[in-house]
Amino acid sequence: MLYCLVLAGCSTPVARKSQANSGFAQTPQKTHLLYLLPSPHSRLYVEVDAVEGCEPKDIALQKLKEFLSAHCDKPDGIEIVRSDVIPIKAARGISPRALARKYINGPDKITASTPAFMYVLFYNYALCGDSAVAKAGHPGASTPPARRPEVGNPYAEVLPYPTIYFNPRYFLGMAKNQTLLHETGHLLGLVSRRSDPHDLHCPNPACLMNAHLRPYRWLIGKTQKQLCPECTAELSQHSRQSPRSNLRFVGPVLDRSEAGYHVLSLPDRVTLVFKELTEQDCQHFAAAIHAEMPNQELRVDCLAGDELLEDSAKVREMINRLQADPLDRVQNAGPKILLRACMARYDHLGQHANYVETLRQAILLDGKDAWCYNQLAWVQATCSDASVRNGKEAVAAATKACELTGWSNWQFVDTLAAACAEAGAFKRAVELQEQALRTGAPIRSEQKAMQERVRLYKQSQPFRENSDKP
Ligand SMILES: [Zn+2]
Ligand SMILES: [Zn+2]
């Protein structure tokens, strides 16, 4: 309790260290320049959503506007707009990021110039955590969690998308206004001058950007309402940088263009676009995020033209570029996603050899991708095109897929059975096919197909199919 009274911390750097996927770091995308500089956006639009009961007071938003006006060069104005009030019922059991995705709207479409966009979510931690889900049974359940909730720190996230997640009940509500400005300071790029790039806070205990906001300082007449001279100087230094020509907001969507591709982002979501970007692509991305189920797993999507997908040299070049992208998530998931899109294209065209080649490329990128080993084995075991069939390689690939998943996936065991049949080991194929039927719970239609395969293998015949396994 005493600790609580003297230190109100921001969990921003903690969020970065513990959540590799959120990849908090100030530098890679430089979104803070979109807020600080008059170009490419001469306006700033701040959307404020709040879970019922957590709505900020007018004075808090007034202070926020003063803070932004003092540091952001926006000749056409700064607008702070209260948008959704999220009913408690709708917020229960949903993570702050999922709420952000569902309720983020972006600036008003009627205005002529597209503004820079900042999103602030005031959420109720008591409703959001896993404990709330566990106690309430399922998202949207009407019974409140019985246990007293833990207190969630406010935090700012910059990557892949700048957002402030603010729990106003944190720290008994004290130092609330300063904490909001502190988190906004992070979105404006503070503090990036420390020698340790992981340290995003100011060492000056009197500064708003210190890691700890100490309400007791108010008792001795020394509040932390201001930025220290060093932090102010750092902002001025950012403001003298030239604007990023490849970064902008399109509505709420952040668009970063790189050679040959665009990275679109929204709270905790990224999509890659390997073609000329249209405003409609951004709208579709935003609509897909809105329509997501709550607490859906992280994923990276892509949108690519057939011309690229069918050109393996271009795809290879693109993979090299993705691997050098400043965003971790793009480096790691981007090449894989692009190769999956190529596979889907070759599958559609019935180009089995190209399909197999792309699978091999994907396995070279990630030797632990059981899905790819399984696909490769299935095509090599069952394809109607004899030129791509290879029983021995199919057995090796299917075995690898089973090993990687601890023999728990019936589809992979099913594939290994088909591979053994292709390699002429029919007795083993029957055993494995029966094992696959016992493993997990294949759906009824699949069970029937699997039983038919048992009969085939018993007659020493391999299984053939015209199209690849979905
Ligand atoms: Zn902080
Ligand atoms: Zn400072």
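The values are calculated or read from the model by the stated rules, or taken from the named source; none is laboratory data. Here the structure is a predicted model, which is why all the values come from computation and not from measurement. Positions of Cβ are backbone-derived with ideal geometry, glycine not excepted, and every protein chain shown enters the neighbour counts. What goes into the accessible areas is simple: the full protein's heavy atoms, side chains included, and nothing from ligands, DNA or RNA. Shrake-Rupley method; radii C 1.70, N 1.55, O 1.52, S 1.80 Å.
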**Report entry** Surrounding net charge for residue 438, when Lys and Arg each add one and Asp and Glu each subtract one, Cβ distance under 12 Å
**Finding:** -3
Requested in this report: On the full set of protein chains, 1.4 Å probe, figure out the accessible area of residue 356 and give it in Å² to the nearest 10.
Outcome: 10
Report summary line: Taking 0.36 nm per residue of separation between residue 76 and residue 349 and subtracting their Cα-Cα distance, the length gained on full extension comes to 93.2 nm
Report summary line: Taking every other residue with Cβ under 15 Å from the Cβ of residue 458 and scoring Lys and Arg +1, Asp and Glu -1, one gets +1
Query raised in the report: Roughly how many Å² is the accessible area per residue of the range 385-470, as a whole number, for a 1.4 Å probe?
Result: 54
Query - Residues of type aspartates and glutamates that residue 314 reaches as a straight line, Cα spacing below 12 Å, ignoring anything fewer than 8 places off in the same chain - result: 306
Query raised in the report: Largest first, how would 384, 245 line up by accessible area (1.4 Å probe)?
Result: 245, 384
Report task. Please give the solvent-accessible surface of residue 231 in Å², to the nearest 10, using a probe radius of 1.4 Å with every protein chain present. Result -> 0
Query raised in the report: In square angstrom, rounded to the nearest 10, how much accessible surface does residue 293 have for a 1.4 Å probe?
Result: 130
Query - Protein-only accessible surface order, largest first, of 325, 311 at 1.4 Å - result: 311, 325
Requested in this report: Report, to the nearest whole %, how much of the accessible area of the range 385-470 belongs to carbon and sulfur atoms, 1.4 Å probe, protein only.
Outcome: 49
**Report entry** Violating pairs (Cα-Cα greater than 31 angstrom) within the set 427/448; 400/458; 30/400
**Finding:** 30/400
Query - All aspartates and glutamates inside 15 Å of residue 176 as judged from Cα atoms, apart from same-chain residues fewer than 8 positions distant - result: 55, 58
Query raised in the report: Which ³J(HN,Hα) values in Hz, rounded to whole numbers, follow from the phi angles of the range 233-245 under the Karplus curve 6.51 cos²θ - 1.76 cosθ + 1.60, where θ = phi - 60° and Gly and Pro get x?
Result: 5, 4, 5, 4, 5, 4, 5, 8, 6, 7, x, 6, 7
